[in-house]
Amino acid sequence: MSFLFSPAPDVSSSRPLLAFKLRSFPTLWGWGLFNRNCTFRHFPNRCVSVTNVAYAEDVIVPGTAKSARRRDQIELERDSISVLNERILRFHGKRDSSRTTMDSEEADRYIQMVKEQQQRGLQKLKGDKQRKESDGFNYKVDPYTLRSGDYVVHKKVGIGRFVRIKFDVQKGSTEPTEYVFIEYADGMAKLPVKQASRMLYRYNLPNENRKPRTLSKLNDTTTWEKRKTKGKVAIQKMVVDLMELYLHRLKQRRSPYPKCSAMEEFSAQFPYEPTVDQKEAFRDVERDLTERETPMDRLICGDVGFGKTEVALRAIFCVVSAGKQAMVLAPTIVLAKQHFEVITQRFSSFPDVQIGLLSRFQTKAEKEKHLEMIKEGQLNIIVGTHSLLGDRVVYSNLGLLVVDEEQRFGVKQKEKIASFKTSVDVLTLSATPIPRTLYLALTGFRDASLITTPPPERVPIKTHLSSFSKEKVKSAIKYELERGGQIFYVLPRIKGLEEVKEFLEASFPDIEIALAHGKQYSKQLEETMENFALGDIKILICTNIVESGLDIQNANTIIVQDVQQFGLAQLYQLRGRVGRADKEAYAYLFYPDKSLLSDEALERLAALEDCRELGQGFQLAERDMGIRGFGTIFGEQQTGDVGNVGIDLFFEMLFDSLSKVDEHRVVSVPYQSVKIDIDINPHLPSEYINYLENPMKILNGAERAAETDIWTLMQFTENLRRHHGKEPYSMEILLKKLYVRRMAADLGISRIYASGKVVCMETNMNKKVFQLISDSMTSEVHRNCLSFEEHQIKAGLLLELPREQLLNWVFECLVELHASLPALIKY
């Protein structure tokens, strides 16, 4: 690339025009070497570190007013390079910098593994044993299962409301035909039943009554096509992110654990006969640990009391027998203590295995002793809450992390848990996984074992959902006390516990009642929970601190007040605190007044009442996905909009995207091989040349940055502007030429040239990739003028543009195309 330096418009200047090629100079980086002209004032001690580059806080030009500086700042904020840099910063900020790159051949092998894994996961979790190889999974709906008022999705028309199935005689025929009648925003449509069974999808999961924002129009499908395209692009981006994360995990290596001869002895001590699902989960985990070289990341999804803990115990035994440490992470100290007691009891026949509990109940000296024992490897199994994830806990030889009820942990804890997954085996236990977790399992990017078979002695919990009244509360408690049982009374907040206690003490003066919540002194809480477990306390008034795992056989009634303030997964877990013995259990869910509840809260309550049978935690979590949306797969926001296309079409599009993920692949070309045949050589003003002082070094550094990658070029440009202010227009054109070449290389474009009113871009991408890219473009102006012909992207312009305007147009167009890269496999 040639850069021309010209004098300023001053005609008295006698300095000749300088022309040189950047590549003819040694490559010298300008980071930190930019010297200022004496007319500018610089503050070397007032720098802030942003993305590993030191930026000056301000550049002050003597003699200029604040308003002029503000004008410059506004101009800088608005210019197209700044907008592009912000997007690059946002995107790279979300990336996991630890992810390693891989070559194309290696990627092919891993992509095939991922596809096989995904198909196994979907086949197992959707339970479709009749899947045909030719057409994948069938998400379409049987019209005869629809009820009047159900919302349906027609792939070509959009969202409508099912009315009825009725016989009708077609014009020109005497034979009656069975039709499905569907109401749309602008009229009624009728479809032959056979056609409907091929084209219709459910909008909601069965038994849901969520309404879409609007019905589609029969006579204008453009809005529906846009919604469908938006959903497709969003799904593709999620798939690529998942793919890259999963490929990164597959690249990790550890030696398989040896098969342990003592496992039979350990397993024989399990006092119950394992269910069929439990046996399958045992086998799954054993294969993960003893036959695979990649770290395990398995979800055990089983209803409360169905035996998930035993699966974890056998995994722990396998790992500990090989000399590694195991960590058991629980969301509350109450649950952690229960795990500690169960593990201690199960490992009592193996005195060499040392077990420790790390909790806030311990004294400082006890904690320090445990931390030292963990570091020295003297503790084989460590049980605790999120404190186990702290920086002070240093493991000697950690091999396994067991996470119970992951949805109860905060964002930072989840990120820390995720960081373990690249180096140790991880087993997650959950009765109602968070939608993100379930979604990973459904798409096969995470191994999952389902335990849906209840133990023989379990009896379903009777669930009552109604408005609150003191008489109903007293009646429920009286019935449980008369049969010798205990009661959980749960409220969403600490405020209000005392008021309930006063009411219950007045109603049942001879009964021992206690409070339990997270703000109590640790010893007091521990003592309360122990007394309740022993049966000394009959009614425990508490917050959702008892939500997870607490196993008290004699507590068979739970009352939840202000139920609308709990999440669906929380309610399901709370209900699971009872019914763990052979007695019939009761869950009373009280809301203040239905008129005060949001539609979403009503849907959740209806879902909970529908899923009252045993083993339905998985289905419930699937419904929770539908209600709360999928959200972003890596963030903690769970408000994604399945409502755009409906849940069944979403799943079909997801499956389609996964099964064809290798078709959406872009192969970059070397930066140096990209030719930009737009003859433009702007002149840099002499003032700017003098101001830069060493322009050759800076410009050489700019090209080196562009040759590295778009991130480095962004850093370079931002650094240049922070140190020297907004560049003149001619320098902006030079920078844009570098950006154009870099973005073209990333997109597999090897040459850009103009022929009259047509801009041509020679590329190695296929038509499907081009279609996905153009679908995801936000600028209709650019999208509408692009076409794809024989490895060329062509843009038809209305008129032939001058060279600088043409470069600006190509820059804006490539910015749009480059924005779609997150939706493409880039190996």
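The values are calculated or read from the model by the stated rules, or taken from the named source; none is laboratory data. Computed from a predicted model, the values in this text were never measured in an experiment. Counting neighbours? That spans all protein chains shown, and the Cβs are built from the backbone with ideal geometry, glycine included. The area values use the complete protein model at the heavy-atom level, side chains included, leaving out ligands, DNA and RNA. Shrake-Rupley method; radii C 1.70, N 1.55, O 1.52, S 1.80 Å.
Structural remarks
- Filter pass, Gly635 being at pLDDT below 70, surrounded by fewer than 21 Cβ atoms within 10 Å (Cβ to Cβ) and at positive phi: no
- Candidates in region 721-776 are the residues that are among the acidic types (Asp, Glu) and not in a helix (DSSP H, G or I); of these, the one that is farthest from Ser657 (Cα to Cα) is Glu727.
- Given (1) open to solvent by 30 Å² or more (accessible area, probe 1.4 Å); (2) under 34 Å from the mean Cα position of the chain (by Cα), number of the condition Gln805 does not satisfy: (2)
- Exclusive hit being surrounded by 22 or more Cβ atoms within 10 Å (Cβ to Cβ) and of a type outside the set (Gly, Ala, Ser), set Met243, Met263: Met243
- Restricting region 216-237 to residues that are touching a strand residue (DSSP E or B) at 6+ places or on another chain (Cβ under 7 Å) and open to solvent by less than 70 Å² (accessible area, probe 1.4 Å), the residue that is nearest to Thr778 (Cα to Cα): Trp224
- Take the conditions (1) open to solvent by 20 Å² or more (accessible area, probe 1.4 Å); (2) not in a loop (DSSP other than H, G, I, E, B); (3) not hydroxyl-bearing (Ser, Thr, Tyr); Pro258 misses just one of them, which is (2).
- Taken over region 665-679, the residue count meeting the criterion of being part of a strand (DSSP E or B) and buried (at least 17 other Cβ atoms within 10 Å of the Cβ) is 2.
- Test: Arg721 is under 28 Å from Gln771 (Cα atoms), in contact (Cβ under 8 Å) with a residue 24 or more places away in the chain and under 40 Å from the mean Cα position of the chain (by Cα): no
- Residue in region 215-226 that is of a type in the set (Phe, Trp, Tyr), at pLDDT below 80 and in a helix (DSSP H, G or I) present: no
- Residue check for Met765: in the same structural domain as Leu692 (by the TED database), within 15 Å of Phe811 (Cβ to Cβ) and surrounded by 22 or more Cβ atoms within 10 Å (Cβ to Cβ): no
- Taking region 524-536 as the range and being at pLDDT 85 or above and over 21 Å from Arg493 (Cβ atoms) as the test, the residues that pass are Asn531, Gly535, Asp536.
- Residues (within 24 Å of Lys230 (Cα to Cα) and more than 35 Å from the chain's Cα centre (by Cα)) located in region 780-801: Lys794, Ala795
- Members of region 777-802 that are under 26 Å from Asp241 (Cβ atoms), open to solvent by 30 Å² or more (accessible area, probe 1.4 Å) and part of a helix (DSSP H, G or I): Arg783
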